[in-house]
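Data block below; observations after.
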């Protein structure tokens, strides 16, 4: 067995002479104490694994700035990753050394940076949004309307809980959005009644789950320990639960997680195809369109920034390109010709 394969099977501990605690498990603990999202946990552990694998499974304590430089340069030169991907890998490695191993690195210099292309977001017209929506139904339509009508990210919509919806004020509270920030956005009036009907169906299913001795839902952070019975309360249930209950083989507990994002992504992809659109449309395109159409309607950019949850207004300003027609609003001289031939 090679040294590399031995390292893969041996628990990677914090210290070379101690098999436990495992480095990856401890890293997840540190991330959760700092309230990082589960997606960030997965991404950071992934990049630390890649970093260690690149250096033949040597312990990170044996590596330093030069090895980090080589790994990041490899990502840009050999794997042609995007600039954002390279930055995420660097953030994961810096977190590892600073907060997990507690031996911060010196200045990282000499890295070949991945090129960051300047691309404008794909935006749909109001008519194109309508055409796509006609090919969606049920909860998929409701979710897509929340993305477009409230500017939500896909996971933000799927992680909504019953208590996050305020029908009287017409507001949606997004909890622990990107950057672990809460924000309030608008609830489209067009979906208020269909959403209430949807919740009635979900509540009926939840009540039956509770009657069967189940009905539990995962609670954020330490709330499950603080409020042991809260995970069965209606207000904490997901607005868009899965059709089948999850099951814990050890405890016998069962509950419902939220709908998986891949199901919504596939439904949107199919709806776009049926609508005959040639643009590359994803679930995030609805969020881009939300911001663009608000600016077109004359709403202040600071208002749009707040609804989107952007930390910097410069991020929101990318949508101002739609306020110009063609080449920055310049009227082509060819359009003034009296006699035009083909």
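Residue 266 meets each of the listed conditions (1) in contact with a helix residue (DSSP H, G or I) (Cβ under 7 Å, 6 or more places away or on another chain); (2) modelled with pLDDT of 90 or more; (3) loosely packed, with under 15 Cβ neighbours inside 10 Å apart from (1). Within the option set 165, 120, 152, being surrounded by 16 or more Cβ atoms within 10 Å (Cβ to Cβ) and within 25 Å of residue 318 (Cβ to Cβ) holds for one residue only, 152. Report yes if residue 171 is under 24 Å from the mean Cα position of the chain (by Cα) and not assigned by TED's automatic domain parsing to the domain that holds residue 83, otherwise no. Spelling it out, residue 171 is indeed under 24 Å from the mean Cα position of the chain (by Cα) and not assigned by TED's automatic domain parsing to the domain that holds residue 83.
Residue-wise test of (1) more than 20 Å from the chain's Cα centre (by Cα); (2) part of a loop (DSSP other than H, G, I, E, B).
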{"residue": "141", "(1), (2)": "no, no"}
{"residue": "147", "(1), (2)": "no, no"}
{"residue": "157", "(1), (2)": "no, no"}
{"residue": "177", "(1), (2)": "no, yes"}
{"residue": "191", "(1), (2)": "yes, no"}
{"residue": "194", "(1), (2)": "yes, no"}
{"residue": "202", "(1), (2)": "yes, no"}
{"residue": "206", "(1), (2)": "yes, no"}
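Residue-by-condition table, conditions (1) part of a helix (DSSP H, G or I); (2) without any contact (Cβ under 8 Å) to a residue 24 or more places away in the chain; (3) buried (at least 16 other Cβ atoms within 10 Å of the Cβ):
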site: 40; (1), (2), (3): yes, yes, yes
site: 57; (1), (2), (3): no, no, yes
site: 95; (1), (2), (3): yes, no, yes
site: 99; (1), (2), (3): yes, no, no
site: 102; (1), (2), (3): no, yes, no
site: 109; (1), (2), (3): no, no, no
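Checking 304, 272, 281 one by one, the residue that is in the same structural domain as residue 139 (by TED's automatic domain parsing) and assigned to a loop (DSSP other than H, G, I, E, B) is 281 and no other. The single condition from (1) in a loop (DSSP other than H, G, I, E, B); (2) modelled with pLDDT under 90; (3) touching a helix residue (DSSP H, G or I) at 6+ places or on another chain (Cβ under 7 Å) that residue 295 fails is (1).
Taking the stretch 59-84 as the range and being in contact with a helix residue (DSSP H, G or I) (Cβ under 7 Å, 6 or more places away or on another chain) and part of a helix (DSSP H, G or I) as the test, the residues that pass are 60, 68, 71, 72, 74, 75, 76.
Of all residues in the stretch 208-222, those satisfying the criterion of being part of a loop (DSSP other than H, G, I, E, B) and free of Cβ contacts under 8 Å to residues at least 60 places away in the same chain are 212, 213, 214, 215, 217, 218, 219, 220, 222.
The set of residues in the stretch 117-139 being free of Cβ contacts under 8 Å to residues at least 12 places away in the same chain and under 20 Å from the mean Cα position of the chain (by Cα) consists of 119 alone.
The values are calculated or read from the model by the stated rules, or taken from the named source; none is laboratory data. These numbers were taken from a predicted model, which means no experiment stands behind them. Methodologically, a virtual Cβ is constructed for each residue, glycine included, from the backbone with ideal geometry; neighbour enumeration extends over all protein chains shown.
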